[in-house]
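Reading through the structure tokens given below for one structure.
The values are calculated or read from the model by the stated rules, or taken from the named source; none is laboratory data. This one's a predicted model, so the numbers in the text were calculated from it and none came from an experiment. FYI the Cβ positions are ideal-geometry reconstructions off the backbone, even for glycines, and counts take in every protein chain you see. When the accessible area is computed, the model is the full protein with side chains, heavy atoms only, and any ligands, DNA or RNA have been set aside. Shrake-Rupley method; radii C 1.70, N 1.55, O 1.52, S 1.80 Å.
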Amino acid sequence: MGNLLKVLTCTYLEQGPTFFLDFENAQPTESEKEIYNQVNVVLKDAEGILEDLQSYRGAGHEIREAIQHPADEKLQEKAWGAVVPLVGKLKNFYFSRLESALRGLQGSLTSTPYSSTQHLEQEPALTRQFAEILHFTLQFDELKMTNPAIQNDFIYYRRTLSLMRINNIPAEGENEVNIELASLMSLFYAEATLMLKTLSDATTKFVSENKNLPIKNATDYLSTMASVCRVMLEMPEYRSRFTNEETVSFCLRVMVGIIIRYDHVHPVGAFAKSSKIDMKGCIKVLKDQPPNSIEGLVSALRYTTKHLNDETTSKQIKSRLQ
């Protein structure tokens, strides 16, 4: 069995423990299989969502033609016919089941009496799945931010649907996304990093609903994992163990996703001096990568975190993220 956690050293430095997480080969143990199989179904759906998002081209041409020729009914019908199936895809994105999958993982990975290190050791495949969810959220948000067609298509759909309802015109496609659901989806798509916000909110909700679970369990697990990702990226002897170069971008996204979630869950956030996440070290690792590969990740830290602009955040950290 390929263990996720290959302990090369376990030295508790100022920055935290040092481990190598074998993201590429983790397999579930017997005790992990039930939750693993449940989450695996959701992760397979997530792969399909990313494929749909990567191939999303939008109906920009049809929409422009319809707007420029408002009296031409054929152009109006053509634009509507182009947008309706695209909104069906946007509905699938909106109803992704990642939040429910995350709830099961969090319950297992932060349960007492185990420490965060023990969870990493004893639940290798669940830790990998947790990382895969974070990786997906960053990928999704990066693709969404660079594709304005998504927001433009949805705005056109919602506006046209509202006009049809006002004028009592039957709207083919309303059974897929009615005006009420469209209003909820508009709030979702208005967010710059919508999946990260969804999962950050889910973590906050999980902590608030599980009063018997110390918040320290959740934050310690996150800080330990952030430290592990950072060390694997900055130490050549660890990084050389990756057999796939894509594992580097995977680790970067996971590290950033963890920082954002820690910042939302921990009372003082990730940027305070008392934080267990070495923010200067994490930012240095990011800045050491090719600039075009980290732009979305830096933007996520800048705009999705909660405490970056607090007075307790050092000017050095703020300036490095500008």
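Among the residues making up the stretch 136-151, a single one is closer than 15 Å to Arg64 by Cα, open to solvent by 30 Å² or more (accessible area, probe 1.4 Å) and not in a loop (DSSP other than H, G, I, E, B): Gln151.
Okay, residues lined up against (1) farther than 11 Å from Ile259 by Cβ; (2) of a type in the set (A, V, I, L, M):
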site	(1), (2)
Ile277	no, yes
Gln289	yes, no
Ala300	no, yes
Tyr303	yes, no
His307	no, no
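Determine if the stretch 152-161 includes at least one residue that is surrounded by 18 or more Cβ atoms within 10 Å (Cβ to Cβ) and within 17 Å of the chain's Cα centre (by Cα). Within the stretch 152-161, not a single residue is surrounded by 18 or more Cβ atoms within 10 Å (Cβ to Cβ) and within 17 Å of the chain's Cα centre (by Cα). One residue stands out in the stretch 304-318 among those that are part of a loop (DSSP other than H, G, I, E, B) and of a type outside the set (Ser, Thr, Tyr): the one that is surrounded by the fewest Cβ atoms within 10 Å (Cβ to Cβ), namely Glu311. Here the stretch 62-116 is the region considered, the condition is being farther than 30 Å from Tyr156 by Cα, out of contact with any Leu (no Cβ under 8 Å at 6 or more places or on another chain) and not in a helix (DSSP H, G or I), and the residue that is least open to solvent (accessible area, probe 1.4 Å) is Ser115. Of the helices (runs of 4 or more DSSP H) lying entirely inside the stretch 203-286, the ones with 1 or more residues being over 23 Å from Thr193 (Cα atoms) and of a type outside the set (D, E, K, R) are found at 215-234, 236-239.
Within the stretch 123-135, one or more residues are within 15 Å of the chain's Cα centre (by Cα), of a type in the set (D, E, K, R) and in a helix (DSSP H, G or I).
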